[in-house]
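Report on the following structure.
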Amino acid sequence: MDIEQIREYTLSIFGVTEDQPFGDDIITFRIEGKIFLCLWLGGGQHDMEHSEPRFALKLTPERNEELRELYSAVTPAWHWNKKHWSDVYYESLDEVLVKSWIKESYDLVVSKLPKAVRQRLLT
């Protein structure tokens, strides 16, 4: 997947919005104001020398550990709580896998929303 495919897929999920609160080099994707994915656009203040394209996504601590053990392209998030967030170097991974992790992150954040909001999102 490339950066546009990541953005297009993420925005296709019901209720997702995007903004750039951290500068022009990062897009955050939210559901009901809660961030579940942060896509690095390259360059800017968050640039790391010789870094591949990546995004940070929120998963349970156990799931983050599992994915980091299984995939070298999943590492502790650089600028986020490393227990709850992982950086995913998506260009080296299968598209189906990447999409499933994005949806998993979205679902995790939705599961923490108030019941009335969850019901509205699920209908």
Open item on the list: Consider region 101-121. How many of its residues are open to solvent by 40 Å² or more (accessible area, probe 1.4 Å) and out of contact with any helix residue (DSSP H, G or I) (no Cβ under 8 Å at 6 or more places or on another chain)?
Closed with: 8
Task: Within region 79-100, considering residues that are closer than 20 Å to residue 7 by Cβ and touching a strand residue (DSSP E or B) at 6+ places or on another chain (Cβ under 6 Å), the one most open to solvent (accessible area, probe 1.4 Å) - done: 80
TODO: Look at residue 71 and say whether it is under 23 Å from residue 111 (Cβ atoms) and aromatic (Phe, Trp, Tyr).
DONE: no
Task: Residue under evaluation residue 41, criteria (1) in contact with a Pro (Cβ under 7 Å, 6 or more places away or on another chain); (2) farther than 25 Å from residue 111 by Cβ, criterion not met - done: (1)
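The values are calculated or read from the model by the stated rules, or taken from the named source; none is laboratory data. Keep in mind it's a predicted model, so treat the numbers as computed, not measured. Here the Cβ is made from the backbone with ideal geometry for all residues, glycine too, and neighbour counts use every protein chain on show. All accessible areas refer to the heavy atoms of the entire protein, side chains included, with ligands and DNA or RNA removed. Shrake-Rupley method; radii C 1.70, N 1.55, O 1.52, S 1.80 Å.
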